[in-house]
Structure formats: C-alpha cells, structure tokens
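The values are calculated or read from the model by the stated rules, or taken from the named source; none is laboratory data. Just so you know, these numbers come straight off a predicted model, no measurement behind them. Methodologically, a virtual Cβ is constructed for each residue, glycine included, from the backbone with ideal geometry; neighbour enumeration extends over all protein chains shown.
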Number of protein chains: 2
Amino acid sequence: MRIGELADRVGTTTRTLRYYESRGLLPARRDGNGYRTYGEDDVRLLQQIRTLQDFGFDLEETRPFVECLRSGHPAGDSCPASVAVYRRKVGELDALIGELTAVRAQVGAQLARAEEAMAGLAADADAAGAPAPRCELGEASDVSEARG
Amino acid sequence: MRIGELADRVGTTTRTLRYYESRGLLPARRDGNGYRTYGEDDVRLLQQIRTLQDFGFDLEETRPFVECLRSGHPAGDSCPASVAVYRRKVGELDALIGELTAVRAQVGAQLARAEEAMAGLAADADAAGAPAPRCELGEASDVSEARG
DNA sequence: GTAAGCGTTGACGTCGGGGTCAAGGCCAGC
DNA sequence: GCTGGCCTTGACCCCGACGTCAACGCTTAC
C-alpha cells in the first residue's frame, strides 16, 4: 500500500504520515521508485496513534504504544511503558480538571457579581438620569444612531 | 512612569508591554525622546489584563475589559461586552471540563483494563514459561543487567 | 506523446505570547 | 568625555502538529 491509500484508510493526510515518519514514529519501507510502502500492520499502528491523539495525547506519548504493537503485542497498551503513560495522563487530567473547575468557579462568581452590579447601575441610572460612565453598550445594536 | 518601571510594578517585562502595545491593547504616550510614558491608570489596565490571563483568557478576550476601564468605569467588567466574555468563557470552561472528564473516564478504563490484562499475562507466563512477546520492560530498572 | 494524478524532498507559514539578541539613541554621574 | 543603565526599533527563535506551496519524478490511461 502506498502513502495516499494508507492516509485515506485511516482518515488522515499524506503530510501527516510523512511527519510521523520524520519523527521516527512510523518508518516506511521503500520500493524501487523510492515510494513509501506500508502494510496492514501500519494501519493498526496508525489507528493506535489516532485514538490516543483523540484523547489529547501528544505524539511523543503515543510512541510507547506504537513500539509495543511493533514488538508483537496484540494491543499497544500491553507494555509497562504504555501503562505508565496512561497513569501519568490520568494524573495530568485530574490536575487539569481540578484547575479548570477552580477557574470556572472564580469566573462564574465574577460573572454573577458583575451582573448584579450592572443591574444596580441600571436602576441608579433610571433614578438619577444616567450619571454612570458610558461605554459603547449594546454590541453594535444602535451605533448608527449614536453616531448620527 | 517609563516602561521599565511599569513592568517592574506589575511583575512583567518590557517586551510584554511592547507586545501589548503592538496589539493595540495598551497604547503609550511618548515624551520628547520617544520614550513610552505611562500613568497610574495603565497600572490598573495591566493588572486587569494579567488577572484575566491567569484565568486563561487570551489577549483578545481581555480587550473589552481594558476598553471598559479606559472609558471610565470603575471595574473592567462593568460593561456588557465584558460580561459577554465572562459568559462565553464559563460556557467554554464547562464544555472543556465535560470533555476532559469524559476522556479521563475513558483513559481510566483503558488503564484498568490494561493493568488487569498484564496481571493475567504475568500469571500465564508464570504458568507456561514466558510465551508472550517481550517488550523492553522495566523502564530502565535493570537495563544494565539485561545488557550484560 | 501528453496530461492527470500519484509520489518525492524541502522550505516556509500558522497560532500565542512573548524571549532574546543587535544596533543604536538618551541621560545621569563622575 | 566616558561608562553604565535605561530606552528605541527590528528581527529572528520557541513550542506542536501539521498545511501549503514549489519544483520535480513516476505511472497510467488515452
């Protein structure tokens, strides 16, 4: 199989496959022309890579899985190095989710506070006749009228 | 105040301030030399920017807050455009946390499965005398011994 | 024979937020 | 007047995972 066919079969591009090869992740045999030649094994390697990429693994992190498959294992995660990557990834995900959750809470609190303050300002403006500083409110709602 | 002093006061670098200026986010007045000149207002603008950056806002997303402050509001989030950014960000964070949580569950499940399979293979090897394909196990634990 | 459609390598662009020179201007103190 | 420290602009460098040419070779169908 040549590069275009392999790319089609796993739903990626030839550029991507050449990039993987340049990283030493998916070396290809060459036929007489210098054309890259791939086998069915390579389909499985690539599927492994894409699956992990979809999980957010970066390319280097897929390497143990690929090497595990290439060394004859039925699954890419049958090797300790792969399992170690899983573990590290789970830890990173937990940490990241924790941070994002904390940030979410803070931004949510700021949002609530700002909404309340704006409601208060609007009421003040109603009562006193718009003493608050004016920003370009309304997000392009009535810019022409404001300009004219 | 000149650029170095401002950078020191908010804990950033002159390069960063020039970068912000190049993005139109923090324009500076110039004195006779061509040196950038800043006032106390700019300290507050910068603090607003850094706070939002710490929350993971990208530079463009801080722009409404900065313009809000510059238009005279006491807080950067007193304007509808800023509140809209808050809302969008909360939505993005919720979506991202959801995705990451799903990925975490999947990776966690794969990890558990792989660990169980490896335990099973180890038992098989114990029983039958290592018939499984060998990867370079051990993560540098006993490489010298394996090599010697 | 010639055009389409594959393949090859190499090089540069992308995105964000700056880091890190390089070459030179301005100003203060001694 | 000289040194040191600040300032100026401009330009290239970094990360990851490719996209997008450019310029060329091979193969196949007509």
Single residue of B:R104, B:R147 found to be modelled with pLDDT of 70 or more and of a type in the set (K, R) | B:R104
Tally time: how many residues in region A:34-50 are in a helix (DSSP H, G or I) and within 16 Å of DNA strand C (Cβ to nearest atom)?
-> 3
Under the condition of being among the hydrophobic types (A, V, I, L, M, F, W, C), under 17 Å from A:L100 (Cβ atoms) and facing another protein chain (nearest Cβ under 7 Å), which residue from region B:92-122 is surrounded by the fewest Cβ atoms within 10 Å (Cβ to Cβ)?
-> B:L96
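Which of the residues spanning region A:1-40 are aromatic (F, W, Y) and under 17 Å from A:Q53 (Cα atoms)?
Across region A:1-40, the qualifying residues are A:Y19, A:Y20.
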Between residues in region B:35-56 that are among the charged types (D, E, K, R) and residues that are not in a loop (DSSP other than H, G, I, E, B), which pairs lie under 7 Å by C-beta distance while being six or more apart or on different chains?
-> B:R36/B:I3; B:R36/B:R30; B:D42/B:L6; B:R44/B:L69; B:R50/B:V10
Among the residues of region A:51-61, how many are away from DNA strand C (no atom under 16 Å from the Cβ) and away from every other protein chain (no Cβ under 13 Å)?
-> 1
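I need the full set of residues from region A:20-29 which are more than 14 Å from A:T62 (Cα to Cα) and out of contact with any strand residue (DSSP E or B) (no Cβ under 6 Å at 6 or more places or on another chain), in order please.
A:S22, A:P27, listed by residue number.
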When you scan region A:1-33, how many residues do you find that are part of a loop (DSSP other than H, G, I, E, B), surrounded by 12 or more Cβ atoms within 10 Å (Cβ to Cβ) and within 8 Å of DNA strand C (Cβ to nearest atom)?
-> 2
Would you point out which residue out of A:T51, A:T37, A:T12 is among the polar types (S, T, N, Q), touching a strand residue (DSSP E or B) at 6+ places or on another chain (Cβ under 7 Å) and within 13 Å of DNA strand D (Cβ to nearest atom)?
-> A:T37
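Can you tell which of A:G129, A:G39, A:G76 is at pLDDT below 95 and within 12 Å of chain B (Cβ to nearest Cβ)?
The conditions single out A:G76.
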Among the residues of region B:55-87 satisfying the criterion of being among the small types (G, A, S) and surrounded by fewer than 23 Cβ atoms within 10 Å (Cβ to Cβ), which is nearest to the chain's Cα centre (by Cα)?
-> B:G56
